[in-house]
């Protein structure tokens, strides 16, 4: 019953046996143990959403989940969505619509946008997106273009799925 | 964070045994209150007992009289699955933010009994029954003030039964940053009368009996006030402000009954 190292995580499609205490925060395993530094730590208090990742397809704040709680689960980080020459449609939309300024919050925003498609489909109103973004903070105050990017990315994901 | 052990029992009996296995232990459900408390060293348990592998704790069922929600049901699951009591589903959908709602659980909130949490108001107004590994508690006996409940050390809530009301509504004035209730009013009309619960305003969730009596009598709520002497003053709001807000939120909730 005690959860011992290694912790078994499938990250971006690859199985990992992580040698870290089970009570390490998931975000610290991603960044420090696995060097997946695209997942950011903004507040460390589950407010800002910069650390959002998908756990079994559902968006969670990885600063508020223990690695041991994720044992046996499949995790998708920003690195697992696309490649530099083949961006995920949501990433491509953020670039095309200029949905970022400094970029610090962007990985969490992209994950949040993908979560919105999972819950609400591909046709997202700006009002709905603004409401669903209540767990993501952008300190460049770039929300308008973020909302536009998520709306465009959601539509593009429908085409990509087809 | 400090060094801790993590146990992941696969049955309720093993979870109870794990809690008692030595040292200071804490159950962890979604962890969205406990982990921040551990980070800030408000809590320093030696062992965490993760309840996520215990089967059968997240079901939502309706037996006609009561909607039973498993203690490990997330806020997102209640928002989507508590359609038999729309006000309860709506309340769950207002907790925290989407990512928090994907992890936080009903049982975790009720066991913690934060004086500004949303769920205790619904539990109290909907005549909630807390079923644990060893007992069943009525809401009126369960909540015992700030972060205090009838639960014994190591006792685990397994499910909570909400009486399905004729009508109910929750009106919340929330802190825009934390989204906890500065004041939240859950009003419900049952066959036997009204119940009105107040969260956020005082040291713990409380029933507003004067409002219940006025609603039962069909009387005006204009003269019904909460005594600010019993309410909280903090950086967010004074006791007098909370008392005023309670009246405003009561009117909003009652207008939806």
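The values are calculated or read from the model by the stated rules, or taken from the named source; none is laboratory data. Worth saying up front: this structure is predicted, and the values here are computed from it rather than measured. Glycine gets a Cβ as well: all are built from the backbone with ideal geometry, and neighbour counts include every protein chain shown.
Descriptive notes on the structure:
- From the options A:85, A:56, A:71, residue that is surrounded by fewer than 20 Cβ atoms within 10 Å (Cβ to Cβ) and modelled with pLDDT under 95: A:85
- Residue match in region A:127-134 (condition: closer than 30 Å to residue B:28 by Cα, part of a helix (DSSP H, G or I) and touching a strand residue (DSSP E or B) at 6+ places or on another chain (Cβ under 8 Å)): no
- Residue under evaluation residue A:98, criteria (1) in contact with a helix residue (DSSP H, G or I) (Cβ under 7 Å, 6 or more places away or on another chain); (2) at negative phi, criterion not met: (2)
- Of everything in region A:1-42 that is within 16 Å of the chain's Cα centre (by Cα) and exposed (fewer than 14 other Cβ atoms within 10 Å of the Cβ), the residue that is farthest from residue B:178 (Cα to Cα) is A:13.
- Flag set for residue B:86, criterion: under 24 Å from residue B:184 (Cβ atoms) and at pLDDT 95 or above.
- Filter pass, residue B:177 being assigned by TED's automatic domain parsing to the domain that holds residue B:251 and in contact (Cβ under 8 Å) with a residue 12 or more places away in the chain: no
- Odd one out for residue B:84 among (1) in contact with a helix residue (DSSP H, G or I) (Cβ under 6 Å, 6 or more places away or on another chain); (2) more than 22 Å from residue A:57 (Cβ to Cβ): (1)
- Residues in region A:92-127 that are over 26 Å from residue A:45 (Cβ atoms) and within 12 Å of another protein chain (Cβ to nearest Cβ): A:120 only.
- Residue list for region B:29-42, filter: exposed (fewer than 15 other Cβ atoms within 10 Å of the Cβ), on the phi < 0 side of the Ramachandran plot and more than 10 Å from chain A (Cβ to nearest Cβ): B:42
- Scanning region A:148-160 for residues that are part of a loop (DSSP other than H, G, I, E, B) and either modelled with pLDDT under 95 or surrounded by fewer than 17 Cβ atoms within 10 Å (Cβ to Cβ) (or both) turns up nothing.
- Filtered residue count, region B:76-107, keeping only those that are at negative phi, facing chain A (nearest Cβ under 9 Å) and in contact (Cβ under 8 Å) with a residue 40 or more places away in the chain: 3
- Here the condition is being touching a helix residue (DSSP H, G or I) at 6+ places or on another chain (Cβ under 8 Å), on the phi > 0 side of the Ramachandran plot and surrounded by 15 or more Cβ atoms within 10 Å (Cβ to Cβ); of B:179, B:195, it holds for B:179 alone.
- Among the residues of region B:208-256, those that are outside any helix (DSSP H, G or I), surrounded by 15 or more Cβ atoms within 10 Å (Cβ to Cβ) and in contact with a strand residue (DSSP E or B) (Cβ under 6 Å, 6 or more places away or on another chain) comprise B:208, B:236, B:237.
- Of all the listed residues (B:69, B:54, B:16), the sole one being under 18 Å from residue B:131 (Cα atoms), within 13 Å of another protein chain (Cβ to nearest Cβ), at pLDDT 95 or above and touching a helix residue (DSSP H, G or I) at 6+ places or on another chain (Cβ under 6 Å) is B:54.
- Hits in region A:129-155 - residues which are more than 13 Å from residue A:116 (Cβ to Cβ) and in contact with a helix residue (DSSP H, G or I) (Cβ under 8 Å, 6 or more places away or on another chain): A:138, A:143, A:148
- Against the criterion of being in contact (Cβ under 8 Å) with a residue 60 or more places away in the chain and within 26 Å of residue B:242 (Cα to Cα), residue B:133 does not qualify.
- Selection within region B:80-93 - buried (at least 18 other Cβ atoms within 10 Å of the Cβ) and over 13 Å from residue B:122 (Cα atoms): B:81
- Test: residue in region A:65-83 that is under 23 Å from residue B:94 (Cα atoms) and either in contact with a helix residue (DSSP H, G or I) (Cβ under 8 Å, 6 or more places away or on another chain) or assigned by TED's automatic domain parsing to the domain that holds residue A:36 (or both): yes
- Test: residue in region A:35-45 that is in contact (Cβ under 8 Å) with a residue 12 or more places away in the chain, facing chain B (nearest Cβ under 9 Å) and within 23 Å of residue A:132 (Cα to Cα): yes
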